[in-house]
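Trainee: Structure in structure tokens, see below.
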Amino acid sequence: MDDVIIIGGSFAGLAAALQLGRARRKVTVLDTGLPRNHFAGHSHGMLGHDHKPPLDILTEARQQLARYPTIKLVNARADGVSGTIDDFSVLTGDGESLGARRLILSYGITDQMPAVPGFSEGWGTSIVPCPYCDGFEVAGQHWGLVWSGPQSHNQVRLFHDWTNKLTVFADGHDIPPDIRADLERRNTPIIDGRITEIARHGVHGATVQLDTGPDVAVDILFAHPRNKPSASLHEPLGLATAATPLGIVLKVDERRETSMPGIYAAGDLTNPLIPSVTTASWQGTMAGIFAQQSMLA
């Protein structure tokens, strides 16, 4: 039996494994090799790895974990989880049953692309969600923001640290008069009408086509589509969740523990509103440390 099985081997999961391996705990990491940001050309804001391709960072991390004899990396999907603290069972897609005293869920989330031609093709290059990840490279240029709800108003305020030229696309949303007045005060125009297609141009640029009015070209387009956990393992376990404007997340306490004792969670699965590799890494680190400490005699 393992001390810990980690389900999801991207930034959060590998950070957790590192701490557990250094504590000489027996760990198995299950991963399918499809991190959320696999489409991104570069990862930003991670100390020591700024502007590196994210897949290169993960490859290097796995190579570093190889020096720890108690860590096992397995390319497999987790199909089911059962049991209780000190006696969990994980069924893999290969039909193998693995046991562990603790679990860490770090299988992330999946972005649900809207049915707009060109959106999925531009996701991660000309259409992005996070200014901390991509804002510096296009600072001072013309940004676009696809309105997705009240939280978009805060995005407008946030974006002004990077650019003073921002266009908001209402995309069929009813933006209240008081918010419209605030955007006007900030010299932020609102383009009404629904988006019918998005065409990529250049490295980051996008041309937004609308059902009313002319096309609008921007140097980068920010959007926040809804998302969902990339697996449903938490559902039969009955783990507590919380609703966010973009989807659900797993509830965790200050020790990264979920509502079921012995199961911890980290990364976008618990915090999709700040999709940062740095955030995922420190959350994974803490999940690994607290899982290890919970097994002390």
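Trainee: If we keep just the residues of segment 73-103 that are modelled with pLDDT of 95 or more and in contact with a Lys or Arg (Cβ under 8 Å, 6 or more places away or on another chain), which is surrounded by the most Cβ atoms within 10 Å (Cβ to Cβ)?
Mentor: 88
Trainee: Let me ask another. Taking into account only those residues within segment 253-284 that are aliphatic (A, V, I, L, M) and outside any strand (DSSP E or B), which is farthest from residue 124 (Cα to Cα)?
Mentor: Among residues in segment 253-284 that are aliphatic (A, V, I, L, M) and outside any strand (DSSP E or B), the one farthest from residue 124 (Cα to Cα) is 260.
Trainee: Among the listed residues 21, 9, which satisfies the condition of being farther than 14 Å from residue 103 by Cα, in contact (Cβ under 8 Å) with a residue 40 or more places away in the chain and either assigned to a helix (DSSP H, G or I) or not charged (D, E, K, R) (or both)?
Mentor: The match here is 21.
Trainee: Here's something else I'd like to know. Of the numbered conditions (1) touching a Ser or Thr at 6+ places or on another chain (Cβ under 6 Å); (2) open to solvent by 40 Å² or more (accessible area, probe 1.4 Å); (3) among the hydrophobic types (A, V, I, L, M, F, W, C), residue 158 fails exactly one; give the number of that condition.
Mentor: (1)
Trainee: Taking segment 17-57 on its own, how many of its residues are among the basic types (Lys, Arg), touching a strand residue (DSSP E or B) at 6+ places or on another chain (Cβ under 7 Å) and modelled with pLDDT of 85 or more?
Mentor: Residues that pass the stated criteria total 2.
Trainee: Quick check on residue 140: is it out of contact with any Phe, Trp or Tyr (no Cβ under 6 Å at 6 or more places or on another chain), on the phi > 0 side of the Ramachandran plot and open to solvent by less than 50 Å² (accessible area, probe 1.4 Å)?
Mentor: Judged against the criteria, residue 140 is not a match.
Trainee: Looking at the structure I just gave you, is residue 200 under 30 Å from the mean Cα position of the chain (by Cα) and either on the phi < 0 side of the Ramachandran plot or surrounded by fewer than 17 Cβ atoms within 10 Å (Cβ to Cβ) (or both)?
Mentor: yes
Trainee: Can you tell me which residues in segment 259-297 are surrounded by fewer than 18 Cβ atoms within 10 Å (Cβ to Cβ), under 13 Å from the mean Cα position of the chain (by Cα) and without any contact (Cβ under 8 Å) to a residue 24 or more places away in the chain?
Mentor: None - no residue of segment 259-297 is surrounded by fewer than 18 Cβ atoms within 10 Å (Cβ to Cβ), under 13 Å from the mean Cα position of the chain (by Cα) and without any contact (Cβ under 8 Å) to a residue 24 or more places away in the chain, so the list stays empty.
Trainee: Please work out which residue is farthest from residue 145 (Cα to Cα), limiting yourself to segment 231-252 and to residues that are in a loop (DSSP other than H, G, I, E, B) and open to solvent by 60 Å² or more (accessible area, probe 1.4 Å).
Mentor: Per the criteria, the residue is 232.
Trainee: Pull up segment 215-230, narrow it to residues that are within 22 Å of residue 121 (Cβ to Cβ) and not hydrophobic (A, V, I, L, M, F, W, C), then point me to the one that is surrounded by the fewest Cβ atoms within 10 Å (Cβ to Cβ).
Mentor: Taking the candidates together, the pick is 215.
Trainee: Okay, moving on. Under 28 Å from residue 226 (Cα atoms), at pLDDT 95 or above and either part of a loop (DSSP other than H, G, I, E, B) or open to solvent by 10 Å² or more (accessible area, probe 1.4 Å) (or both): is that true of residue 68 in this structure?
Mentor: Numbers: under 28 Å from residue 226 (Cα atoms): no; at pLDDT 95 or above: yes; either part of a loop (DSSP other than H, G, I, E, B) or open to solvent by 10 Å² or more (accessible area, probe 1.4 Å) (or both): yes.
In short, no.
The values are calculated or read from the model by the stated rules, or taken from the named source; none is laboratory data. Values in this document were obtained by computation on a predicted structure and should not be read as measured data. Cβ coordinates were reconstructed from backbone atoms using ideal geometry, including for glycine residues, and neighbour counts include every protein chain displayed. All accessible areas refer to the heavy atoms of the entire protein, side chains included, with ligands and DNA or RNA removed. Shrake-Rupley method; radii C 1.70, N 1.55, O 1.52, S 1.80 Å.
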